[in-house]
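Working notes for the structure below.
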Amino acid sequence: HIDGLKACMELFEELEKGGIQNCFFEVNVCEGGCIKGPASDKWQQSLVRAKMDLEDQVAYQEEAQGIEGRDIELQKTFKDRRVHDRTPSDTEMEQILHAMGKYTKEDELNCGACGYPTCRAKATAVYQKKAEIGMCLPYAVAQAESMSNIVMDVTPSMIMIIDKDMRIRECNKKAREMLGVSREEALERYIFEFLDDKDIAEVLNTRQQIVHKKLNLETMKLTVVESIIYIESLESVLVTYQDITREEKAKEQHYNLKMETVEMAQKVIDKQMMVAQEIAGLLGETTAETKVTLSKLRDSILFEEED
Ligand code: SF4
């Protein structure tokens, strides 16, 4: 008993070599047997049908003619088409590392967050155009932080974060200038040491924001627009003072100029009225005198005629 079709075929070949032309095989067609083995389901086809088809084909197959194989080109040349990744020179590597914000050995954190084992492996991938410079997580975080710092520092308004104890937790460049302290010193101080903290205390208590309130900061001699917003997650308030001192001064000057002009116009009107009244008075007087004189003249003429 020989199990499996392959084993049958091997035995058949052996027998043929030994000069035996005919032999009889029993081939199992049971489930899991020679023909109906475990891979038979793969083709979703009856193996009996396949066997019959095969036998039919073999019966009709004509004998191959004239195949010598001499004229058939059986050679093929293959080219080496492997992609050879370029590696950056030392200068190029340095340039890429600088672009990733890594200027010293300590800057190369080799944290692997980018998917490359080292910063230099990542830089090589950037050089080979397989990775982006921005894919470095510490670099992206540093970029985001420095961006927000730039925005904070170039803003012409005072921006501060004051916590529930009235302590300054953060302040921008303008605020530091106006308070006259360094950042380190500001973070040690309380807001009431510099400004009237009434509004800040109110927002911390009520959590109701104050937006666009105009007020004078007496200690700083400034007119500002105040906004105070409660930050739930920090139990703090964001305070911004927009300096409008210049605009207010310009407005005041404009108002004074207007009032001066009105005053002058009123004076001119009054003067004109006085002159008009004087002229009218003089005219009235002369008219009366003329009337009296002419009446007298008329009367004298009339009485002379009667006499
Ligand atoms: S994420 Fe940045 S710091 Fe970390 S290994 Fe990659 S390149 Fe280096």
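Throughout, read-outs are computed from the coordinates displayed, never taken from laboratory work. Remember, predicted model here, so these are calculated numbers, not experimental data. Heads up, the Cβs are rebuilt from the backbone with ideal geometry, glycines too, and the neighbour counts pull from every protein chain shown.
Numbers for the structure displayed
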{"quantity": "Shape of the range 105-189, Cα gyration tensor, a/c cut at 1.5", "calculated": "prolate"}
{"quantity": "Footprinting exposure proxy for 109, 302 (fewest neighbouring C-beta atoms within 10 Å first)", "calculated": "302, 109"}
{"quantity": "Prolate/oblate/rounded call for the range 90-145, Cα gyration tensor, a/c under 1.5 rounded", "calculated": "rounded"}
{"quantity": "Virtual spin-label span in nm between residue 273 and residue 95, 7 Å along Cα→Cβ", "calculated": "8.5 nm"}
{"quantity": "3J(HN,Hα) from dihedral phi, the range 104-112, Karplus parametrisation 6.51/-1.76/1.60, rounded to Hz, x for glycine, proline", "calculated": "10, 4, 5, 5, 7, 6, 6, 7, x"}
{"quantity": "Whether the range 155-247 is rounded, prolate or oblate, judged on the alpha carbon gyration tensor where a/c under 1.5 counts as rounded", "calculated": "oblate"}
{"quantity": "Long pairs among 173/214; 249/271; 173/213; 164/221; 174/249, criterion Cα-Cα beyond 30 Å", "calculated": "249/271"}
{"quantity": "Dimensionless Rg/Rh of the range 201-287 - Kirkwood Rh, Rg from C-alpha atoms", "calculated": "1.52"}
